[in-house]
Each structure stands twice: as structure tokens, then as C-alpha cells.
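A.B. asks: Quick one: the structure is below, questions incoming.
The values are calculated or read from the model by the stated rules, or taken from the named source; none is laboratory data. Since the structure is predicted, the reported quantities are computational estimates derived from the model, not experimental observations. Using ideal geometry, Cβ is built from the backbone for each residue, glycine included, and neighbour counts are taken over all protein chains shown.
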Amino acid sequence: MHRLLEALRLCQPSPRALLTVSRGVGRLAVTVAALACTLLPLLTTLAPQTARADDVLAGSRAVRRALLVRESRHEVAGILGGTIGDPYVRNILPGARYDFHLFDWLSFGGRLQVGLPLTTATYEEVDTKVTRTNDTFVMEASSMRMMALGHVSVSPLVGKLMWLNGKSVHFDVHVDMIGGLAITGSTGEALSSGGGLAVGAGGGFRLFLSELIALTANLEALTTDRALSVNRDSKESGKKMRFNLMTSVGVSFFMPPKLRRGD
């Protein structure tokens, strides 16, 4: 038994030896940690990337040059117009309009409109009341019979509108300088008929339903040389430049069908 206890005592490490071993293990752990911190970023860079960040532009269309929906194209439109605020005769003016778009913002062209006269309630009232007191009076008023006008159109605002379904449509706001010939007529025989100078300005809105078809709306102010009505003696009251406020709507068709893109 004494010999067994002596052998066990000899196998136990001394405190000094335990201290030396623990210091060695600590140094080894520090060295391994330093190597891991150094090599981990390098290994991460070299390893294949399996994760990918979300792309906010995923699924969106590629950015391309803008389509020139007007430039170098012909526009032919059927229009229906009319004068506003006529005292005696309303003028309904169906017709056609043509534009050649030299640039996306500049065009020139012309139009032809035929007038359909409709007498107002004021005309009928004057005709009834005055005729009762004056047997020689016959009510007459002038009307617009035809308009042949040229114009230069500038589009200071062009762009796109977004529908609720996410589809975009082109539009423009244009300003017109107008000049040409206006032919007037009369509801009777006392007022002279004939042509005269018509000048003015206007503006409007064009909305493209597709690359080939657009809707248009215009408001214009024109002056024409004409006598408005006869006087109490049933004679012409004299011609002068009369102000006419007009409006029109129409459907336009664009050619050629193939569009160009901007530079």
C-alpha cells in the first residue's frame, strides 16, 4: 500500500507544470483566433455568392430613347366645331384638319369647315316682336358658311399620362396662330354674302389613344369681317371685324405608322 501511494504521488503534475501548460494553451487559442479573423474575410470574398440582394428595378422595362409620336408624321383629323355666344345665328362647323409635324413640338397645316346655321331664340323673338309693329321689317342675320384657314401650331407641353391600369398614353398641349378666309352668308337677302379675312389664335389638347389615333379638343378666338344683322329699316348695319369664339373636337389619324425615336 505504501508503494502504491508513492507511485500515485509521483504521477501527479506539479503546480508549476500545470501553470506552464495553461499558458501554452492560452497562447495557442489567441493565435487561432487571430488567424480566423484574418482569413475569414478573404475566404468570404473567394467563396461563391449564393445570396443576392433584392433589386428595386427587377421586372421594370429597360430605359430607351423616347418615341417621337409627332415628329415627321402627317395628321389627318375629322372635326366638329361651332361658334359660342352667337346672338342671332349659331354656326355648326363640321370639317377636316391637316397637320404636318415638322418636329415633335412644331407643326403647320390647314383646315376646311362648312357652316350650318341655326337661328337662336333671340332671333325668333326679335323677328316676331318687330314684325308686329313694323310691316316693312324682315329680320336677317349673318352666319359663317365656310372657313378655309391655315395655322402654325407650337406644343410647349408634351408628355405622358398614366392610366389606373399602369398603361401610359402620350399627350400634348398646343397653341395655334390662325389666318385665312371666312365666307359669310345671310338668313335673308338684305345682307351681302362674301369672303373676308379671318385671323386669330387658339389652343387645345391632344390625347393619344394609341400610336396611330388621338382625340383633340380646341378653343379659338377669331375675328371676321361681316355685318352681324340688319337694322330696323331692314338694311345692312355695316361690316366690321367681329369677334367669334369657337370650339371644336375631333379624331386624328397619324401616318406613317412606324415611329422614330429621339436622339
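A.B. asks: For the subset of the range 159-180 comprising residues that are under 14 Å from the mean Cα position of the chain (by Cα) and not in a strand (DSSP E or B), which member is nearest to Glu71 (Cα to Cα)?
C.D. replies: If we take residues in the range 159-180 being under 14 Å from the mean Cα position of the chain (by Cα) and not in a strand (DSSP E or B), then Lys167 is nearest to Glu71 (Cα to Cα).
A.B. asks: Within the range 203-226, how many residues are more than 19 Å from Leu93 (Cα to Cα) and either among the basic types (Lys, Arg) or in contact (Cβ under 8 Å) with a residue 40 or more places away in the chain (or both)?
C.D. replies: Number of matching residues: 8.
A.B. asks: Here is a list: Lys160, Lys167. Which entry is on the phi < 0 side of the Ramachandran plot, exposed (fewer than 15 other Cβ atoms within 10 Å of the Cβ) and at pLDDT below 85?
C.D. replies: Numbers: Lys160 fails: at pLDDT below 85.
Only one candidate qualifies: Lys167.
A.B. asks: Tell me, please, whether a residue that is surrounded by fewer than 10 Cβ atoms within 10 Å (Cβ to Cβ), part of a loop (DSSP other than H, G, I, E, B), modelled with pLDDT under 90 and on the phi < 0 side of the Ramachandran plot can be found in the range 31-44.
C.D. replies: Among the residues of the range 31-44, not one is surrounded by fewer than 10 Cβ atoms within 10 Å (Cβ to Cβ), part of a loop (DSSP other than H, G, I, E, B), modelled with pLDDT under 90 and on the phi < 0 side of the Ramachandran plot, which makes the answer no.
A.B. asks: Also, I was wondering about something else. Using beta carbons and a limit of 9 Å, which pairs, at least six apart or on different chains, have the first residue in the range 152-175 and without any contact (Cβ under 8 Å) to a residue 12 or more places away in the chain and the second one of a type in the set (Val, Ile, Thr) and surrounded by fewer than 17 Cβ atoms within 10 Å (Cβ to Cβ)?
C.D. replies: Within 9 Å, the pairs are Lys160/Val169; Met162/Val169; Trp163/Val169.
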